[in-house]
Amino acid sequence: MLQFKLVLLGDSSVGKSSIVHRFVKDSFDEYRESTIGAAFLSQTIKLSEQYDEQVLKFEIWDTAGQERYKSLAPMYYRNANAALVVYDVTEPGSLPKAKLWVDELKEKVSDDKLIICLVGNKLDLAAEKESSSLVDESEAREFAKDNNLLFHQVSAKTGENVIKVFEEIGEILYLQNKDKIQESKKPAGSNVSLQRPSTNDSQSCCV
Amino acid sequence: MLNSERRPSMAERRPSFFSPGPDGSLQSTSLLVPHLAGIEDPLPETTPEQVDVVIAGTGLIESILSAALAWQGSTVLHIDSNNYYGDTWATMTIDQLKNWTTLVNDKSSETRFYKDAKLYVSGLVSQGKFKSKNFGIDLSPKILFAQSDLLSVLIKSRVHQYLEFQSLSNFHTFENDNFERLTNSKQEIFTNQTLPLMTKRNLMRFIKFVFEWEKNTEVWEPYADQPLASFLVDKFKLEKPQVFELIFSIGMCRNLNTRTPEGLARIRRFLTSFDVYGPFPVLYSKYGGPGELSQGFCRSAAVAGATYKLNHKLVSYDPNSQTAVFEDGSRVRVTEKIVASPTQHPPNSGNIPPQKYEVHRLTCVVEKDCLQWFSEGENAAMVVFPPDSLKTGNTETVQVAILGSGAEVCEPGTSIWYFSTTQEGPRGDLDLDAALEAMIASILRESSEIPDDDELVQINPDGVSLVNSVKLGKSFKELVSKEQINFIMKLYYTQYTSTPPFDVVTPNLFDLNKSDKYMPGASDNGILYTSLPSGEVSYDEAITAAKLLYEKIVGSDDDFFDLDFENDEPDSKNNNKTMGNYDESAIADDDDDDDDIRMMDAEPVEFAGEMEI
């Protein structure tokens, strides 16, 4: 199975975590398995026929509040394959901040294959508000286009468009990594899995 | 037993996690799914006005403590005056090391925890041939024994899922101007042609004994105050090469005075770690050592709800109003305790514990991959220079950890050499230089192309040329290579610590700053200072220190990482359905060029915590 690391970014209170929780909740069916782990959330999805019904797994890293005082560790960005940069469509000040997060991401992650999706959240609240008090959708869309980002507006509350975000990212990741699936029967790597102590004692020096 | 002063645990404070039993009592503490406060709860609008614990410094001990407290249910504000994680345990880029060196050498600084930092950086870095950010250099490099308390905590807390580990099986001892690889398994002892039969027997007898040495008091007690070397010679008739190998390579002791019980414990540590995960005793984390682990524990603490603020400096603490004041003018009330690394002390402090012990370090990045020193498929090795093996006539060992680019800490074609010694004073640096010289001579010899000079090529009777004899170094010892070693970076420094060499932190260190001993006018009365990293090569001190501090704060260490993430999915209808469904061989990684297998959340967990072999 293909496995990818996806990180969340954006200012506090734009609803980053809610998007993930909605995604995990809504995509829960017999093909889709999820774990809310102590370390990160993982969620398995199955792509459509057009993408060979490929099953892939997201390892989703939440900021856990460490973004608040600019205290995200280098570990957070390392080897990220995709990022959701979230802003609040009802909070015009949150888009410029999202732009800063995009800059930060590009500085921290040198992988040019990194997929960044700009996500406007709280679409459900937008209907009740004057359009003048909202983030200008065309501005966000244009910024995304200029910077080669994916763009979606979602509602974590109603679930609107949430799965779409992850599916689109999944599809691109699949196309990027298709070739690797053929050669996926790799020998065990040089990394040691700490949850798998060796049970074979034949090489042991121990009595 | 539960201490009556013990603060209620997170579980007890959050009764919703319990289902009342038939008699109304609360039941089942073992299957709690801890609350992921940092992810599930909305963030508070402002910095908390009151917290249970403030921790200053994000070194490994403080980070483990923070995670332990946060998961226990304490509210934690964790700060660091630096703009990076790790404090004295940090992993740094070359540019970060430049800043660090400047700060360390700043004469105006009130207290010194480092001395004599000398940094050389090759022009190749500023010219762009090598990139500063592609290097991760540890201030306090450490190796992780496969059988150790830190490793159990890494698994229990799931912090290991943030990290990637690799194995280290090559331990070399420098002797007679040559590196000998360690004979560290029973098989190797039996198959080693050079060992006389009697020696093999004696070694086997010792290895059998050492696994249960504590029980066999009658054997070692007469030697309790004697050096381990005399015990090994008297009781097991071992000879110098084996004694040195056991004490210095396997036990990783610093000198010949190591007493018998400590030495035996250290030898057993190595042997019981062997084959826990495979035929190697030691692991290290990719991308950097303790600096990475610190970040992992901090993230874990954040997931449990701790608040993080880098670039945040403590300026004073008032034990009467229990108020901590920070440089930006903000303040917080501390209901339980304030803990700080000595390096994060407020100005005008008066209670920092004395840092009596010196560790001399030399860290080099060299333009050589050093693959000949690693086992196949590995990216690291240890080299030990035992007493009197250097031209300086050293009395303390020099230990060297070598990390290659496969560990993702340096660029391809380079490696990092970490030298350290507990030899104090100017002799310490002389010993480090002598060890560096011996290493350079050896790597140049071993990596030299065989000259096109017939007399230098040895031919076996069967006509096969002995190319490998060059690798062993001996045959061409006199061959002086014209090649030079290029240094990309070279850093000398002396660090101070309150922890004696190879000892662990003792509880009384944390008793110093008690209310009856407050210093009038000091800005740090009531602050509990942590210990700085010692000269010990392993992580052994970290959990001991974090646990002692935890006990000081909570009242007992009973629930230190008393976590159970087995049921990672609280409300799912098909709990555990995902377990064991994955064919590990079918996992492909992302853009890797090495064959890593990521640790997976859904992998079978039946081995979790079972570290027995």
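What follows draws every value from the coordinates through simple rules; no lab data is involved. Just so it is clear, the structure is predicted and the values come from calculations on it, not from any experiment. No Cβ is skipped: glycine too gets one built from the backbone with ideal geometry, and neighbour counts run over all protein chains shown.
What nm value, rounded to one decimal, do you get for the distance between residue A:132 and residue B:511 when each label is placed 7 Å out toward the C-beta?
7.1 nm
Output wanted: per-residue J couplings in Hz (rounded whole) for the stretch B:300-310, from phi through Karplus 6.51 cos²θ - 1.76 cosθ + 1.60, θ = phi - 60°, x for Gly and Pro.
4, 4, 5, 4, 7, x, 5, 9, 10, 9, 7
Separation between the residue A:139 and residue A:25 pseudo-spin-labels, each 7 Å from Cα along Cα→Cβ, expressed in nm?
Once both label points are built, they end up 3.1 nm from each other.
Starting from 0 in steps of 5 Å, tell me what percent of the Cα-Cα pairs of the stretch B:281-426 lands in each bin.
In order of increasing distance, the bins hold 2, 7, 11, 13, 12, 13, 12, 10, 9, 6, 3, 1, 0 percent.
Please give the charge dipole size of the stretch B:185-273, origin at the Cα centre, charges +1 on K and R Cβ atoms and -1 on D and E Cβ atoms. Round to the nearest 20 debye.
On the way: 14 positive and 10 negative charges, 52 e Å.
That gives the stretch B:185-273 a dipole magnitude of about 240 debye.
What are the lysines whose alpha-carbon lies under 16 Å from the alpha-carbon of residue B:115, with same-chain residues fewer than 8 places away excluded?
Qualifying lysines at Cα under 16 Å: B:98, B:107, B:356, B:490.
Along the Cα-to-C-beta direction of residue B:112, a point sits 7 Å from the Cα; which residues of the stretch B:415-434 have their amide N less than 14 Å from that point?
Label zone hits: B:425-426.
Just name one of A:45, A:18, A:3: the one whose Cα is farthest towards the positive end of the charge dipole of the stretch A:2-182 (beta-carbon charges, Lys/Arg +1, Asp/Glu -1).
A:3
How much length is gained if the chain between residue B:49 and residue B:124 is pulled fully straight, taking 0.36 nm per residue apart and subtracting their Cα-Cα distance, in nm to one decimal? Don't skip to the answer; put the middle values down first.
Values: separation 75, 0.36 × 75 = 27.00 nm, distance 4.91 nm.
Answer, rounded to one decimal: 22.1 nm.
Would you mind listing how long the stretch B:76-117 runs along its three principal axes, going by Cα atoms, in whole Å with the largest first?
Result for the stretch B:76-117: principal-axis Cα extents of 34, 25, 14 Å.
What value in Å³ per residue do you get for the convex hull of the alpha-carbon atoms in chain A? Intermediate results must be reported in sequence, preceding the final value.
Numbers: hull volume 33.4 nm³, N = 207.
In chain A, the Cα hull volume divided by residue count equals 161 Å³.
Each label point is 7 Å from the Cα along the Cα-to-Cβ direction; what then is the distance between the points at residue B:131 and residue B:103, in nm?
The modelled label-to-label distance comes out at 2.4 nm.
So if we plug the beta-carbon distance of residue B:320 and residue B:95 into 1/(1 + (r/R0)^6) with R0 = 41 Å, what FRET efficiency do we get, rounded to 0.05? Provide the component values of the computation, followed by the final result.
Values: r = 43 Å, r/R0 = 1.05.
E(calc), rounded to 0.05, equals 0.45.
Using only the Cα atoms, work out Rg/Rh for the stretch B:352-422, with Rh taken as the Kirkwood radius, to two decimals.
On the way: Rg = 14.6 Å, Rh = 13.5 Å.
On the Cα set of the stretch B:352-422, Rg over Rh gives 1.08.
Label point 7 Å out from residue B:372 along Cα-to-Cβ: which residues of the stretch B:416-433 have amide N under 20 Å?
Residues B:416-418 fall inside that zone.
Please check which bits of the stretch B:207-235 a label hung off residue B:265 would reach, taking the label as a point 7 Å along Cα-to-C-beta and the cut-off as backbone N under 19 Å.
Only B:209-232 fall inside the zone, counting backbone N under 19 Å.
Cα centroid distance between the stretch A:60-101 and the stretch B:385-439, in Å?
Here the two parts' Cα centres lie 42 Å apart.
Using the Kirkwood radius built from alpha carbon pairs, what does the Stokes-Einstein equation give as D for the stretch B:185-273 at 37 °C and 0.692 mPa s, in µm² per second? Intermediate values should be presented prior to the final figure.
Values: Rh = 13.0 Å.
D = 252 µm²/s.
At what distance in angstrom do the alpha carbon centres of the stretch B:222-297 and the stretch B:324-351 lie from each other?
Using only Cα atoms to place each centre, the spacing works out to 38 Å.
Reported to two decimal places, what Rg/Rh ratio describes the stretch A:1-111 when computed on Cα atoms with Rh from the Kirkwood expression?
Here the Rg-to-Rh quotient is 0.99.
Subtract the Cα-Cα distance of residue A:70 and residue A:113 from 0.36 nm times their separation in residues, and report this length gain in nm to one decimal.
Numbers: separation 43, 0.36 × 43 = 15.48 nm, distance 2.46 nm.
Full extension of this stretch gives 13.0 nm more.
Once you've got the Cα coordinates, tell me which of A:108/B:309; A:46/A:180; B:240/B:391; B:237/B:391; A:99/B:313 are over 22 Å apart. Show your work: numbers first, answer last.
Details: A:108/B:309 19 Å; A:46/A:180 17 Å; B:240/B:391 19 Å; B:237/B:391 29 Å; A:99/B:313 29 Å.
Cα-Cα > 22 Å for B:237/B:391; A:99/B:313; rest within.
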